[in-house]
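Q: Questions regarding the structure given below will be posed in turn.
The values are calculated or read from the model by the stated rules, or taken from the named source; none is laboratory data. What you are looking at is a predicted structure, and each value in this text was computed from that prediction instead of being measured. Because the Cβ atoms are built from the backbone with ideal geometry, glycine has one as well, and the counts that use them run over all protein chains shown.
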Amino acid sequence: MSSVTLRELTKKYDGNDAYSLDSVSLDVAHGEFICLVGPSGCGKTTALRMIAGLESVTSGDIEIGDRVVNDLAPRDRDIALVFQSYALYPHMTVSENMSFGLKLRKVPKDEIKKAVIDAARILDLEQYLDRKPGQLSGGQRQRVALGRAIVRNPSAFLMDEPLSNLDAKLRVQTRAEIARLHHRLGATMIYVTHDQVEAMTMADRIAVINLGKLEQVGSPRDLYDRPANQFVGGFIGSPSMNFVPMHVESVDDGLRLVSDGGDMDVALGGVESSVIRRAGVSEVVMGVRPEHIDHVPRSGGGLQMRASVDVIEFLGNDEHVHLTSGDHVLVAIVDARTPLTIGDSLTLSASIEAIHLFHPETGAALK
Amino acid sequence: MSKVDPLEDEKAAPLKERRVAVVARRLHISTLTVNIALGLVAIFWLVPTISLLIISLRPESLFGTSGWWTVFTAPSQLTFGNYTTVFSQGFATGGVLNSLITSLEITIPATILVALISSLAAYSLVFGFWRGRDMIFLVIVGLMVVPLQVALIPVVQFYRELGNLFGLNPYGTIPGVIIFHVAFGLPFGIFLMRNFLTGIPRDLLEAGRIEGAGEWKIFYRIVLPLALPAIASLAIFQFIWVWNDLLVALVFLGGNVHTPLTIYLYDQTRSLAANYWIVSTGAVVSIFVPLIVFFSFQRYFVRGVLAGAVK
């Protein structure tokens, strides 16, 4: 196992003006599970393929362990890649699929056999070793793809959306298995996904990428509690954070925020007021997560809003309530036992701790 | 982990029956109709072939006096006499067995070379990293329509030049015929292989590359096994084409004492007027080899070789 370091890694394809990956720097510690997450086409898979050696580096460096591997062939980088499509060799049996890489490296036969049997036991594939991929279910194929990576005991595991071809139930199950596998092997894992739930549940740290740029790196809790900008705020968490543009107004003992039409207002404390004064803005974007909106009026500080109910999505334990407040549309999560009907007028609130403030132009979090 | 999922029952049904059923459903007709149609086609092809076989098994004297079908009422007509006579020359020059060997000497290398070179070229055209691959492919497609007749004289001259320059004139030799057949087999071979290889997911090659395979290993451990159905059909096409060729052999082997079966049969009709018993016997011999090739390659015509590769 080793660390993986990206230094100002950049990728630009010929005939394409935009950078697919723009100066991304990232330290992945030895044994760490890191998720690269972002919307489709953000460059996260490009980054992974560059680490694997399947794409050339335009500029910057990739280090695995203490070697710069920019110009090394994929096979000399000592990494394993689990493909989104699994990429199993259809003409080989499960055991041949898993032993292929070891055979190429001229590992002694008895060691290969042992490695394959060990991996098969870990992944519960023992009774399928003589089957071909065509005779396996999606979940089993996925495990063979994992097994093929495990047997080689590489410095780092790279995974490219390995769960996206599984159905929802199997995905949750396999998610836990990969987390367990990481724990058991203590391996460095770089995992690419567009699904923030996968990232949140599995990763030690998450790197959020958008339009080729690294937006923020941090633990799932950091990203959830302290998003660096509006993009990360909106991307992490489901349903996603509500954003409302607000005007800054002075009141006797500090500042307050008011929405167009005045249906929402936030009484700011001293800390938030000084943050806004320091930024020197007269408008801000307020962010508040649906789960932090309470269906009660609140006295003193925080967000107060009047809104009417548009849509109610019943989910069992709670409900997602789509609201209109003035010209703004928001989502709130409320207890499913709350008696609500469409068209109801509500008074809602959120504590000042739940309010995120973003710069109206740059989108950066104000702090 | 997940439970063993039983494979769908449909997959267990014999492949042949399923295919008939699929065709029937698509054409909105019953399975019976499809089977009858298939039977008619089979009879249509089998009758002339069987009649040829029977003619070769009847004595020369009966040829002009009664039809081949009379054998069904008088099976005593059947004799291996023709074969004994034809084979009596053994492998001596001018005999059918000598021609059989010559045909094999031409056809086997011409087939193997085309299959090998086409696969390599197609691999490079599909998975290579060089520019202009599509352009080259278009040129190759264009070459498919060049009639081989236009090349006869230039190639003969080219061979002569080779002889003048290096003292190695392939004209009139078996390698000379092989080179010509390979050259004219390649455009179609590359076309077929390239179109097949584009269906192989790139991920498979990348997986191999990461696991430690170089280009050669990827080619013969991953791509070649998956391309077997295409290689089998290409080999059959090329084999039968070269096996049945008369024109190229006549032009390039004219005067050579070793002649392929096609020239042998042609000589029988030309020199000894209406020597049908030899022609029919020789024809059966020359049908026999392509049949063996066809049936031995048949098992590579597998549908769904890529099943389970991706997803």
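Q: If you go through segment B:205-245, how many residues are among the hydrophobic types (A, V, I, L, M, F, W, C), facing chain A (nearest Cβ under 8 Å) and not in a loop (DSSP other than H, G, I, E, B)?
A: Result for segment B:205-245: 4.
Here is a yes/no grid of residues against (1) over 21 Å from the mean Cα position of the chain (by Cα); (2) buried (at least 22 other Cβ atoms within 10 Å of the Cβ):
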| residue | (1), (2) |
| --- | --- |
| A:Asp27 | no, no |
| A:His30 | no, no |
| A:Ile34 | no, yes |
| A:Ala47 | no, yes |
| A:Ser59 | yes, no |
| A:Asp66 | yes, no |
| A:Arg75 | yes, no |
| A:Val82 | no, yes |
| A:Glu96 | yes, no |
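Q: From A:Ala199, A:Ala179, grab the single residue that is touching a residue at least 40 places away in the same chain (Cβ under 8 Å), part of a helix (DSSP H, G or I) and surrounded by fewer than 19 Cβ atoms within 10 Å (Cβ to Cβ).
A: Going through A:Ala199, A:Ala179 in turn, just one is touching a residue at least 40 places away in the same chain (Cβ under 8 Å), part of a helix (DSSP H, G or I) and surrounded by fewer than 19 Cβ atoms within 10 Å (Cβ to Cβ): A:Ala179.
Q: Got a number for residues in segment B:243-296 being surrounded by 13 or more Cβ atoms within 10 Å (Cβ to Cβ), without any contact (Cβ under 8 Å) to a residue 12 or more places away in the chain and hydrophobic (A, V, I, L, M, F, W, C)?
A: 0
Q: Within segment A:158-176, which residues are within 11 Å of chain B (Cβ to nearest Cβ) and buried (at least 20 other Cβ atoms within 10 Å of the Cβ)?
A: Of everything in segment A:158-176, those that are within 11 Å of chain B (Cβ to nearest Cβ) and buried (at least 20 other Cβ atoms within 10 Å of the Cβ) turn out to be A:Leu158, A:Asp160, A:Leu166, A:Thr174.
Q: While we're looking at this one, here's another question. In segment A:159-176, what residues are in a helix (DSSP H, G or I) and more than 14 Å from the chain's Cα centre (by Cα)?
A: Correct list: A:Ala168, A:Lys169, A:Leu170, A:Arg171, A:Val172, A:Gln173, A:Thr174, A:Ala176.
Q: Something else: I need the full set of residues from segment A:294-326 which are in contact with a helix residue (DSSP H, G or I) (Cβ under 8 Å, 6 or more places away or on another chain) and modelled with pLDDT of 90 or more, in order please.
A: A:Leu303, A:His320
Q: What is the number of the single condition among (1) β-branched (Val, Ile, Thr); (2) over 20 Å from B:Ile101 (Cβ atoms); (3) away from chain A (no Cβ under 14 Å) that B:Ile200 does not meet?
A: (3)
Q: Let me ask you something else. Hey, can you tell me all the residues within segment A:1-16 that are polar (S, T, N, Q) and either touching a helix residue (DSSP H, G or I) at 6+ places or on another chain (Cβ under 9 Å) or buried (at least 16 other Cβ atoms within 10 Å of the Cβ) (or both)?
A: The answer is A:Ser2, A:Ser3, A:Thr5, A:Thr10.
Q: Let me ask something additional. Just give me the residues in segment A:74-109 being within 7 Å of chain B (Cβ to nearest Cβ) and among the hydroxyl-bearing types (Ser, Thr, Tyr), in sequence order.
A: A:Ser85, A:Tyr86, A:Tyr89
Q: Quick test for you: out of B:Thr102, B:Thr85, pick the one residue that is at pLDDT 90 or above and either touching a Phe, Trp or Tyr at 6+ places or on another chain (Cβ under 9 Å) or surrounded by 19 or more Cβ atoms within 10 Å (Cβ to Cβ) (or both).
A: Among B:Thr102, B:Thr85, only B:Thr102 is at pLDDT 90 or above and either touching a Phe, Trp or Tyr at 6+ places or on another chain (Cβ under 9 Å) or surrounded by 19 or more Cβ atoms within 10 Å (Cβ to Cβ) (or both).
Q: Checking the condition loosely packed, with under 13 Cβ neighbours inside 10 Å, among the basic types (Lys, Arg) and either at positive phi or outside any strand (DSSP E or B) (or both), which residue from A:Arg337, A:Arg298 passes?
A: A:Arg337
Q: Considering only residues that are among the aliphatic types (A, V, I, L, M), more than 9 Å from chain B (Cβ to nearest Cβ) and not in a helix (DSSP H, G or I), which ones fall in segment A:131-157?
A: A:Val151, A:Ala156 - these are the residues of segment A:131-157 that are among the aliphatic types (A, V, I, L, M), more than 9 Å from chain B (Cβ to nearest Cβ) and not in a helix (DSSP H, G or I).
Q: Shifting gears a bit: Take A:Arg121 and tell me if it is buried (at least 22 other Cβ atoms within 10 Å of the Cβ), at pLDDT below 95 and closer than 26 Å to A:Gln173 by Cβ.
A: It is false that A:Arg121 is buried (at least 22 other Cβ atoms within 10 Å of the Cβ), at pLDDT below 95 and closer than 26 Å to A:Gln173 by Cβ.
Q: Can I ask one more? When the residues of segment B:271-311 are narrowed to those that are under 24 Å from B:Leu57 (Cα atoms) and modelled with pLDDT under 70, which ends up farthest from the other protein chains (Cβ to nearest Cβ)?
A: Here the answer is B:Ala273.
Q: Can you spot a residue in segment B:160-172 that is assigned to a helix (DSSP H, G or I), in the same structural domain as B:Ile112 (by TED's automatic domain parsing) and in contact (Cβ under 8 Å) with a residue 24 or more places away in the chain?
A: No, every residue in segment B:160-172 fails to be assigned to a helix (DSSP H, G or I), in the same structural domain as B:Ile112 (by TED's automatic domain parsing) and in contact (Cβ under 8 Å) with a residue 24 or more places away in the chain.
Q: Please specify each residue of segment A:116-130 satisfying the condition of being hydrophobic (A, V, I, L, M, F, W, C), more than 13 Å from every other protein chain (Cβ to nearest Cβ) and part of a helix (DSSP H, G or I).
A: Result: A:Val116, A:Ile117, A:Ala119.
Q: Also: Could you tell me whether segment A:256-265 includes any residue that is surrounded by fewer than 12 Cβ atoms within 10 Å (Cβ to Cβ), at negative phi and assigned by TED's automatic domain parsing to the domain that holds A:Ala350?
A: Within segment A:256-265, none of the residues are surrounded by fewer than 12 Cβ atoms within 10 Å (Cβ to Cβ), at negative phi and assigned by TED's automatic domain parsing to the domain that holds A:Ala350.
Q: Filter segment B:177-191 for residues that are crowded, with 21+ Cβ neighbours inside 10 Å and within 15 Å of B:Leu120 (Cβ to Cβ); which is farthest from the other protein chains (Cβ to nearest Cβ)?
A: If we take residues in segment B:177-191 being crowded, with 21+ Cβ neighbours inside 10 Å and within 15 Å of B:Leu120 (Cβ to Cβ), then B:Val182 is farthest from the other protein chains (Cβ to nearest Cβ).
Q: Please go through segment A:268-295 and give me each residue that is in a loop (DSSP other than H, G, I, E, B) and farther than 14 Å from A:Ala365 by Cα, ordered by number.
A: A:Leu268, A:Gly269, A:Ser282, A:Arg289, A:Ile293, A:His295
Q: Looking only at segment A:6-27, decide whether some residue is within 13 Å of another protein chain (Cβ to nearest Cβ) and in contact (Cβ under 8 Å) with a residue 60 or more places away in the chain.
A: no
Q: If we scan segment A:188-210, do we find a residue that is away from chain B (no Cβ under 14 Å) and within 27 Å of A:Glu111 (Cα to Cα)?
A: yes
Q: Yes or no: A:Ser325 surrounded by 13 or more Cβ atoms within 10 Å (Cβ to Cβ), closer than 15 Å to A:Asp263 by Cα and not hydrophobic (A, V, I, L, M, F, W, C)?
A: yes
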